[in-house]
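Just below is one structure, and these are the notes that go with it.
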Amino acid sequence: MIHYLLLENSSDCNIVKELGLHRTMMHLASSEDADVREAALKSLFELTRNTKDGADSSPEDNEKMKQLLQERINGISLMSTEDLGAIREERLLVDSLWSTYFNEPSSLREKGLLVLPGEDAPPPDVASKHFESPLRASSGNPNSKKDSNNEKKDAPLLLGPGP
């Protein structure tokens with residue numbers, strides 16, 4: 001819910017920080033539950049993005065954020081390829097948070113774990129094999145329907161009054 005509020009009104013970032021909810025988000029970002037972790041990382045990213053690269057944070061918060069992100073990077077580095085595919089959004093969030101917070105690329109980029117092979121490829125086109133638009137179906141190859149050039153060609157269907 002905090003993530004939604006921060007997206008709707010960036011001025012709420014100061015209120016969230018004053019209430020200490022950013023520390024709660026840091027704690028939740030190390031959760032075992034992937035959905036909780038991802039939501040907390042999204043909220044932290046919005047907070048960081050809207051508060052000028054962590055300039056308003058205390059040195060203690062900066063160290064906690066660095067430790068949290070480093071732990072997530074280490075955890076991601078140990079995952080199998082199948083698990084990495086399942087947490088694509090989290091990998092992107094960790095990298096974006098690191099880049100925004102510390103103004104340098106994360107080690108996920110260096111290790112090649114940010115974008116896996118095949119993730120940047122467009123999704124396969126399975127629908128066009130089964131469904132063809134009526135316009136394309138009717139315009140098909142005219143030579144495939146007629147075996148002889150001597151046959152009379154059908155006049156195209158015209159909309160509107162005839163001659």
Ranked on Cβ counts within 10 Å of their own Cβ, fewest leading, 24, 48, 100, 81 go 81, 24, 100, 48
In nm, the gap between the two label points placed 7 Å beyond Cα toward Cβ at residue 11 and residue 31 is 3.0
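Just so you know, all these numbers are worked out from the coordinates, no wet-lab data involved. Just so it is clear, the model here is predicted, and its values are computed rather than measured. So basically every Cβ, Gly included, is an ideal-geometry build from the backbone, and we count neighbours across all protein chains shown.
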